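One structure below.
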Amino acid sequence: MMSTVTSTVTPLSLGEFHHFQTAGVDFLYLVPSGGVFAVSPAGRAAMELLREKPLDADDLLAALVAKGYAAPDAQEAITDLFEARAIRDVRGFEDPPQDPVDNFPLQSLVMNLTNQCNLSCQYCYEFGEDKVATPDGKPKFMSEEVAKASVDHLIASSKGRRAVHITFFGGETLMNFPLLKWVVTYATEQAQLAGQFIDFSLTTNGTLLSPEVIDFLVENSIGVTVSMDGPKEMHDALRVYANGKGSYDVLAPKVKALIAKHSTRPIAARVTLTQQVTSVKDIFHHLKHEMGFAEVGFAPVTAAPDRLYTIGNSNMDRVFDQFKELAVEYRDWAVENRMHGFSNVSDTLAEIHAGINKSHPCGAGLGLVGVGPSGDIAPCHRFVDSDTHALGSVLDGGLDKAKQKEFLDRGHIGAKFDCHTCFARPLCAGGCHHEAFVRYGDTGHPNLHFCDWIRGWTDLCLNIYGEIAVKNPGFLDRFEQRKPLQ
Ligand code: SF4
Ligand code: SF4
């Protein structure tokens, strides 16, 4: 309320925000709340005045009127900025770090149906040089008993959720296809009994797709993400069989058959960028326009800095330049109300639109857990089968709350002091726990090697969001339900 602002006895100063200007409009990304705020001309003038020195609300109002703004407009601008926390009482305030809610209900379960794989991709986080898994002496394939206990754990731990989700993972997921089919039937029954909606997705290397598998995926409307690194020469650089032979020729026709038949869910490609594979635009073009994927997403390989496939700084700059070109293309398509398919942009826009302000970088260990073939619960699929990171067992007492708390406390944004002045923290929150462990040996360490990249990407996506909001705001409605793939 205006009275709140005018009655303040201490001067006003600028709050914490990231300013950007796009399509002729000034926007603020409000860091304490994660919101995006369009600034009026009077609001912009108020901020310029406060940039020079703190002012009492009445003096600020008088200064704006002296600049020619009508008093009601100036008042409204001050009130809006104050309520958005873009300006604040000079004493400031600190948002207390948000603690995860006790007994936060589970939403997603990642089931690693096997830790075996028919490929030997050199950069694999599960089998490569930086693996965290300790699978010796543990089952290689998940049993029906473990699968049942996993589903029961999800249902029992998700009370209050209307919808839950299971993702199948590996190793190569389809090496345990019989169990996958069993889980879909069992989990659907259990979710119905609990009054919940459930949906399924899987990640696969694509080489074991068969007409029978494709029919099952279509009939059950199962979302599919295929790990694929681009055209043949790029894909075959590291995605190889044990004998070194590339896998492109095996999976490409199978994936095309999947895409041709599976129309109920968009099929996505997930590309791992390495020092050898950084041609983002060529890869996108091949996967989107020649293979026919609906969405293509990219992630740099997770590896120690000295690995041969770790992307060096100059190549990361090159990757960013290409990300930028694709993102601008995305923006232009969105202004024309067309879906582009670069899922990194969709994912970030969905988070901006939802006003996400993260206490943790992702849902790992909070709304999401992974379960391995042994029944051990892990923060996510990447920690499955790791003794160091186990958070209990679905066969023995479920989630160990003390271990979960230790993991979450360590990864909380409040514990990452390097991030406390960073405008990108509502979306980044320090970055992937697994990447942090591989790089720094600590799941709670901020991923400082990526900061410039993350801040550049956040600024770029904010600009794209602002431009779409000005030129075709209806496009953003598709993010209301946080369904970036649709
Ligand atoms: S890791 Fe870096 S980019 Fe991410 S929030 Fe922390 S300081 Fe910002
Ligand atoms: S810890 Fe990393 S790999 Fe695991 S869910 Fe989070 S972001 Fe993904």
Could you tally the net charge around Lys281, taking each other residue with its Cβ under 10 Å from the Cβ of Lys281, Lys/Arg +1 and Asp/Glu -1?
-4
For Lys245, go through the aspartates and glutamates and keep the ones whose alpha-carbon is under 12 Å away, minus same-chain ones fewer than eight residues off.
Glu233, Asp236
Helix 71-83 vs. the chain, principal-axis angle (Cα, 0 to 90°, nearest 10)
40
Size of electric dipole in the chain: Cβ of Lys, Arg +1 and of Asp, Glu -1, about Cα centre, debye, nearest 20
660
Could you list Arg331, Arg455, Arg85 so that the one with the fewest beta carbons within 10 Å of its beta carbon is first and the one with the most is last?
Arg455, Arg85, Arg331
From the residues Ile377, Ala354, Leu399, which one has its Cα farthest along the dipole of the stretch 353-486 in the positive direction, the dipole being from +1 and -1 charges on Cβ of Lys/Arg and Asp/Glu about the Cα centre?
Ala354
Pop out the ³J(HN,Hα) list for the stretch 214-219 in order, Karplus 6.51 cos²θ - 1.76 cosθ + 1.60 with θ = phi - 60°, rounded to Hz; leave Gly and Pro as x.
4, 4, 5, 5, 5, 4
Taking the simple approach of a point 7 Å from Cα along Cα-to-Cβ for both Val218 and Tyr440, what is their distance in nm?
4.8
Distance in nm between Gln116 and Asp136 label points, each 7 Å along Cα→Cβ, equals 2.0
Compute the FRET efficiency between Val65 and His420 as 1/(1 + (r/R0)^6), taking r as their Cβ-Cβ distance and R0 = 45 Å, and round to the nearest 0.05.
0.75
Please list, in chain and number order, the residues 5+ apart from Phe17 or on another chain whose amide H is under 5 Å from its amide H, with Hs placed from the backbone.
Val31
Estimated [θ] at 222 nm from DSSP helical runs (n ≥ 4, -39500 (n - 2.57)) normalised by residues in the chain, nearest 500
-11500 deg cm²/dmol
How big is the C-alpha Rg of the stretch 288-362 next to the rule-of-thumb value 2.2 N^0.38 Å, as a ratio?
1.31
Compute the normalised compactness of the stretch 108-399: alpha-carbon radius of gyration over 2.2 N^0.38 Å, N being the residue count.
1.00
At the level of C-alpha centres, the distance separating the stretch 228-251 and the stretch 160-193, in angstrom, is 29
Least to most buried among Met339, Met228, Met47, Met142, by other C-beta atoms within 10 Å and fewest first, runs Met339, Met47, Met142, Met228
Would you list Phe168, Phe437, Phe417, Phe423 from fewest to most Cβ contacts within 10 Å?
Phe417, Phe423, Phe437, Phe168
Partners for Lys256 among lysines (Cα-Cα distance below 16 Å; same-chain residues under 8 apart left out):
Lys232, Lys288
Helix 57-66 versus the longest principal axis of the chain: what angle, 0 to 90°, nearest 10, using Cα atoms?
70
Tabulate in residue order the Karplus-calculated ³J(HN,Hα) for the stretch 39-45, using 6.51 cos²θ - 1.76 cosθ + 1.60 with θ = phi - 60°, rounded to whole Hz; enter x for Gly and Pro.
9, 6, x, 5, x, 5, 5
Report the net charge of residues surrounding Gln107, where surrounding means a beta-carbon distance below 11 angstrom and charges are Lys +1, Arg +1, Asp -1, Glu -1.
+2
Burial ranking of peptide ranges 394-402, 460-468 (average Cβ count within 10 Å, highest at the top):
460-468, 394-402
Lysines within cross-link reach of Lys131: Cα-Cα under 20 Å, excluding same-chain residues under 8 positions apart?
Lys140
Grab the Cα-Cα distance for Asn337 and Asp58, subtract it from 0.36 nm times how many residues apart they are, and report the gain in nm with one decimal.
96.0 nm
Cα axis of helix 144-157 to longest principal axis of the chain: angle in degrees, 0 to 90, nearest 10?
20
State to the nearest 20 debye the size of the charge dipole of the stretch 11-88 about its Cα centre, where the only charges are +1 on K and R beta carbons and -1 on D and E beta carbons.
200
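Just so you know, all these numbers are worked out from the coordinates, no wet-lab data involved. Keep in mind that this is a model prediction, so the values were computed, not measured. Neighbour counts run over all protein chains shown; Cβ positions are idealised from the backbone, glycine included.
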